[in-house]
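FYI, it's all coordinate maths here, none of it is from the lab. In this text the structure is predicted, and so the values were computed from the model without any measurement. Cβ: placed from backbone, ideal geometry, glycine included. Neighbour counts: every protein chain shown.
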Amino acid sequence: MPARVITCGICFNVLDHPLTFDCQHSFCTGCVRRQLSENGSNGFQCPLCATSHTEVHLHNLAQYADHEAEVYVEILARGTSNPPKCQWCETTESSRNFMTRCPLRGHEEYRAEFFCSQCRQVCCAYCLQVGPHRDHLHVTVAVAAAEARQQLSRDMESLLEVKHRLEQQAAEMNRVSLLYSDTYDAVENMVTERFEAFKQQLMQRELEVRRTLTNLRDSGDAALTASRRQYLDKLNSVNETLLQFHTIQNGGTDDEVLKRHSQFGKCLNTDLPAVTGSGFKVVSLGEMTLTSLDIGLDLQTIEHNHPTLSRLNRSGRLSAASNMSMNGGGSVSPFAGNTLSTPLRLTFPVDDDVEATVLAEGVRLRCVASGGGDTQIGVRSKEMFQTLLDQFPEDRGVVSWQVRLDSISDTFIGVVEKTSQSSQVPEGFYWKAACADVVDGRIGRYTPAVRRLPVCRNGDRIRFLYDGVQGTLRIVVNGSDDRGVVVADLHPRIAACFVFYPGESLTILF
């Protein structure tokens, strides 16, 4: 029986009730049944060649049963089905002293009684005398087999270790394959939602612009009509007076001349506003393109690495009171000495009190709430740091985000504790970056570095780095000014936060 694959391409165990499809790949019945159950029995796609078998369903698996493969596995499990036969006595009784014919052509009539230690081959006495194994070290087949049997148990242990390691790697590959499929669907849905949101915003913006254009046209039409009427009234009066002047100039009475002459001053008054202008024009096109959207594939396989990042570089400005998602992609890079800067993993839901503007370098948040100077609007990230640490192990236990101060004087930035009770005032670390020595909140353990925080100005960039392993919060200003750890003993059930006042703004940088 020819050698064939006896391992399932899904679970990587020995085939159990094998099924073989038209693509000639075999799988356990249980593995195929589980996949069909997960996809609603809507066909089976071969994981080894990606062939789609749309005709395969839960109710017709029996017709793909591979009985030959099943028998072959059973034969391998219990031993060979064709025991060697003695060429002299023609018996098939197995014995440890059974000797085969010499495999060398022309030596078939000699028994392969010896084992060449140098070539690691069985041979006959003639091979040792005048054949290819002449003068080579050798032992009898029985001695060589006895040594091999002693080594066999150790070889089996090594082979089992290799098998266990491969099974672990195969299980990890199955886990990665599941993530590969699930994350594709998630990213595809995110792309759809993202561009649907942009479409809605673009349509809304188009309606607003067209409404403005229509209002300008209506007001312009009314102004031109009113001006035309005023010019008509004035010119009509002038024309009437001219005709009357022609009449009295040639024969009018003294009384008519004096009366018309007194009205002459009114006709000379042409104090009407001039109508000027160049019509409609686009004052500013604005930024109409989309923000950057990074899509990456993190996959390292046996033959190929895919640390690819397909980047669409766009810049745009879209204002909306909605959830602005800012999931960046990229690799971890050194930052501020031994500090690591990780991709932005945070999303910041906003409402009507905060205007979000998508820029090329990030998302600008501006407080547009009405009210006096005592009005405070809080914005915090949707994700807790604990969730990000579990979801992104490649970030090495670090959560990082960076903001640029655009127009602030009283805004607080920092972290806030997420509580289960909405009525409870959450604790946090709140830093008023534009003022000297103004820190609020009680969370973790503040270090002396808090008192050495600088007074920041508009345009400064502030990066926060939370180390989940050490439980610390570090602040770095303008890329290189490492202010050190400001909060220690900080648990990960926290979120990034900003506390705005009306008119103030900052940008969350990608």
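In the calculated pair-distance distribution of the stretch 85-228, the portion above 28 angstrom amounts to 64 percent of the Cα-Cα pairs. The distance from the alpha carbon centre of the stretch 25-55 to that of the stretch 466-500 is 48 Å, rounded to a whole number. Bridgeable lysines around residue 259 (alpha carbons under 21 Å apart, same-chain partners fewer than 8 residues away excluded): 234. Value of Rg to Rh for the stretch 184-268, rounded to two decimals, is 1.68; Kirkwood radius and Rg both from alpha-carbon coordinates.
On the beta carbon distance between residue 360 and residue 391, with R0 = 22 Å, the FRET formula returns roughly 0.25.
Spacing of the modelled spin labels on residue 71 and residue 280, each 7 Å from Cα toward Cβ, amounts to 8.4 nm.
The order of 260, 364, 105, going from fewest to most other C-beta atoms within 10 Å of their C-beta, is 105, 260, 364.
Model label points for residue 437 and residue 238, set 7 angstrom from Cα along the Cα-to-Cβ axis, are 7.6 nm apart. Each semi-axis of the equivalent ellipsoid for the stretch 1-82 is √(5λ) with λ an eigenvalue of the Cα gyration tensor; in descending order they amount to 24, 12, 11 Å. Placing a pseudo-label 7 Å from each Cα along the Cα-to-Cβ vector at residue 369 and residue 6 gives an inter-label distance of 7.2 nm.
Mind giving me the FRET efficiency for residue 48 and residue 161? R0 is 25 Å, r the Cβ-Cβ distance, nearest 0.05 is fine. Result of the calculation: an efficiency of 0.45. For the stretch 350-400, the relative contact order is 23 percent, taking Cα pairs closer than 8 Å that sit 6 or more residues apart in sequence and dividing their mean separation by the residue count. When both the stretch 377-452 and the stretch 220-262 are represented by their alpha-carbon centers, they are found 77 Å apart. With 0.36 nm allotted per residue and the present C-alpha distance subtracted, the residue 478-residue 447 stretch has 9.0 nm of extension available.
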